[in-house]
1. Condition first: within 17 Å of LEU27 (Cβ to Cβ), aliphatic (A, V, I, L, M) and touching a Gly at 6+ places or on another chain (Cβ under 7 Å). Now tell me which residues in region 42-70 satisfy that.
2. Scan region 120-143 for residues that are surrounded by fewer than 17 Cβ atoms within 10 Å (Cβ to Cβ) and farther than 26 Å from TYR30 by Cα and jot them down.
3. When CYS117 is evaluated against the numbered criteria (1) part of a helix (DSSP H, G or I); (2) farther than 21 Å from HIS10 by Cβ; (3) touching a residue at least 24 places away in the same chain (Cβ under 8 Å), which criterion, by number, is the only one it fails?
4. Any residue at all in region 68-75 that's under 19 Å from the mean Cα position of the chain (by Cα) and surrounded by 12 or more Cβ atoms within 10 Å (Cβ to Cβ)?
5. Give just the number: which of (1) touching a residue at least 12 places away in the same chain (Cβ under 8 Å); (2) more than 10 Å from the chain's Cα centre (by Cα) does LEU21 not satisfy?
Amino acid sequence: MTYYWFKAFHLIGVVVWFAGLFYLVRLFVYHAEARLEPEPAQSILKKQYELMEKRLYGIITTPGMIVTVVCAIGLISTEPGVLKSGWLHIKLAMVAVLIGYHFYCKRIMNLLAKDECNWTGQQFRALNEAPTILLVIIVLLAVFKNSLPLDLTTWLIFALVIAMAASIQLYAKKRRQNKEKLAQTKEPELASTGAE
């Protein structure tokens, strides 16, 4: 029964942790793009994003990570023989990378608060895809364990990375086109206003 309690709360922790990481970096996107706004909107938005980032990191994301890790330790303690499994070593390595990503986000958050981060919204969009790749690898390892078909998985991860990169580029292109259209519609309005 203890195993199932640890497993249930481990899964809940994973969901909370990933939700926090995904939303946190999305806030970084908006925070970076707030620099393009005129004052006073820029200052107001930056303060709001700093507050949202701090609360999300401290109240949701970090507790989600702690619950995930503590319950994972609990799971392993109920079945210590699993530590001999190769799939678990890879999974734990991916989790270590994810924990590093978690603390790297804290560093970025602090840099944004001090106006010392020059990343663009598009760069943050790309960064936001890293936990997706880690999530896919970790879940596949947890489900398939030693039966994971590595050749198929490698191609799947490669296709996922290509699809993510393409979608980020297409989104950036669409945003540029929308800005250009908006600028073109404003030009005749300004010209007609000036003529009057």
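Just so you know, all these numbers are worked out from the coordinates, no wet-lab data involved. Please read all numbers here as calculations on a predicted model, not as lab measurements. As a convention, Cβ positions derive from the backbone with ideal geometry for all residues, glycine included, and neighbour counts pool all protein chains shown.
1. LEU56, ILE60
2. Once the filter is applied, which keeps residues that are surrounded by fewer than 17 Cβ atoms within 10 Å (Cβ to Cβ) and farther than 26 Å from TYR30 by Cα, region 120-143 yields VAL139, ALA142, VAL143.
3. Every condition holds for CYS117 apart from (1).
4. Yes: one or more hits.
5. Every listed condition holds for LEU21 apart from (2).
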